[in-house]
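Taken together, the values in this text are just the output of simple stated rules run on the coordinates, not laboratory data. Predicted, not measured: the structure shown is a model, and the values here were computed from it. Cβ placement follows ideal geometry from the backbone for every residue including glycine, while neighbour counts extend to all protein chains displayed.
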Amino acid sequence: VSVSPQDRMPQTPPFAAMFDSSGYNRNLYQSKEDGCGGLYYHDNNLLSGSLEALIQHLVPNVDYYPDRTYIFTFLLSSRLFMHPYELMAKVYHLCIEQQRLSEPGLDKNRIRKIAPKILQLLTEWTETFPYDFRDERMMRNLKELAQRIASGDEMYRKNVQQLLQNLLRKLTAVSQYEEVLAKISATSTDRLTVLKAKPQSIQRDIITVCNDPYALAQQLTHIELERLNYIGPEEFVQAFVQKDPLDNDKSCYGDRKKTRNLEAYVEWFNRLSYLVATEICMPVKKKHRARVIEYFIDVARECFNIGNFNSLMAIISGMNMSPVSRLKKTWAKVKTAKFDILEHQMDPSSNFYNYRTALRGAAQRSLTAHSNREKIVIPFFSLLIKDIYFLNEGCANRLPNGHVNFEKFWELAKQISEFMTWKQVECPFERDRKILQYVLTVPVFSDDALYLASYESESPENHVEKDRWKTLR
């Protein structure tokens, strides 16, 4: 009976199942050479190792396949010590040498024992860290290694083609996404200049485009999930590598970051905050402004119910900008009870205790979810980055003996793998082109324009405000 290669591949558990409650799954696959060969274990946990030993531990052989959590953790953290392409070159040589894949009279049985495992490793690498392969050298090594496997046995050629096709699809998608982002940022002008040029354009505001706050919350969730989905796990690690000139461990190499998805996502948060502030400050009439505030409170509340904490926080921060919060007469007309509840949820005190509790609730709900709607967890993103940054700052990458501090990287991988589960959720809501177009491309006020609109709505109250108004006019 011919067994398909898939059946012999080590099976890949889903991300959520990967890290168990105590941190990570230790016994997914049997490990080799415990405690020797430059790796240090304690209670069956890999705590540290020399870089060479850790690389060796990544490479499968006939009787061994690395634990999947180890693969993720090592591929994630190794870039703090070396270029991904340097790692790929080492993996390539280890596979070729150890498995004697370069010998002319290659034994088919031998290749059948090892090929599925090498393929599986390459699959996990290309699926989880596709952006590593936006590098000619990576691609070359990947193709050569894949060729070696495929040439030894016809049955693996399909698997290799599939792997390369999936990778190219992902890389094409990210290039297209980048083009869209570039187009959007090229068209974003200051709303004020637009209004001065053609004042009649003021007719279009968020409520005429979308009068249902629930619908807007759903479209915001679309934008969030799309942008979240493009962020590679390695972008978190690379975000703080560049800020570390003291570590002369050649970690500051120039062409290190192949993507800007993380930055684009932070820019989206800022845009949404400014859009909220613009929509509130724009109307001339007080009761219109109050209506816009109440509308956004409803949008924010629905974001909370959906599990979209990032949009929720952006809306709250837009409402808390001083050009908006100084509009006392406007706020007097607003029923603020609902807003107070939301603010309480997102209160930064005790290190965002309330929000973290709500996030844990949403994460629990997501694990047992029956529908995509219940699976949605969109964390307050800049806080997630901050947590990861502090985790990185708080521990050394290497121990005094030069070993890689793997305990730190388990912790890092655990935080990022949770994010990986969330970013893969399919958005259950229907897309509304008109609303998405407006939210993503309509011009918004700059800081100065917001203050100007705010003072014209409710005149300055003190000398500071009066002086500022004079300068702006």
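Remarks
- Positive-end residue of Ile293, Ile315, Cys303, charge dipole of the range 269-321 with Cβ unit charges: Ile293
- The calculated FRET efficiency for Lys328 paired with Asn229, based on their beta-carbon distance and R0 = 41 Å, is about 0.50.
- Derived scalar couplings ³J(HN,Hα) [the range 132-138; Karplus, 6.51 cos²θ - 1.76 cosθ + 1.60; whole Hz; x for Gly, Pro]: 4, 8, 7, 9, 3, 5, 4
- The length gained by stretching the chain between Glu52 and Asn270 to full extension, at 0.36 nm per residue less their Cα-Cα distance, is 74.2 nm.
- Full-stretch length increase - Arg431, Asn462 - with 0.36 nm per residue and alpha-carbon distance subtracted: 6.6 nm
- Label-zone membership for the range 301-334, site Arg365, 7 angstrom Cα→C-beta point, backbone N under 12 Å: 302-309
- Considering the range 39-168 at the alpha-carbon level, its Rg and Dmax are found to be 14.6, 43 Å.
- Taking amide H as placed 1.01 Å from N in the peptide plane, Leu47 has its amide H under 5 Å from the amide H of Tyr40, Tyr41, His42, each at least 5 places away in sequence or on another chain.
- Segment Arg157-Asp448, extension gain: residue separation times 0.36 nm, minus the distance between their alpha carbons: 98.7 nm
- Each label was represented as a point 7 Å from its Cα along the Cα-to-Cβ direction; for Lys386 and Lys183 these points are 3.5 nm apart.
- Net dipole in debye of the range 39-168 [+1 Lys, Arg Cβ; -1 Asp, Glu Cβ; about Cα centre; nearest 20]: 380
- Two-site FRET efficiency, Arg260 against Lys108, from Cβ-Cβ distance with R₀ of 51 Å, rounded to 0.05: 0.65
- Compactness of the range 364-473 as Cα Rg over 2.2 N^0.38 Å, two decimals: 1.79
- Rounded to whole Hz, the Karplus (6.51, -1.76, 1.60) HN-Hα couplings of the range 84-98, x for glycine and proline: x, 5, 5, 5, 4, 4, 5, 4, 4, 5, 4, 4, 5, 5, 4
- Measuring r between the beta carbons of Glu97 and Gln424 and using R0 = 35 Å, the FRET efficiency lands at 0.45.
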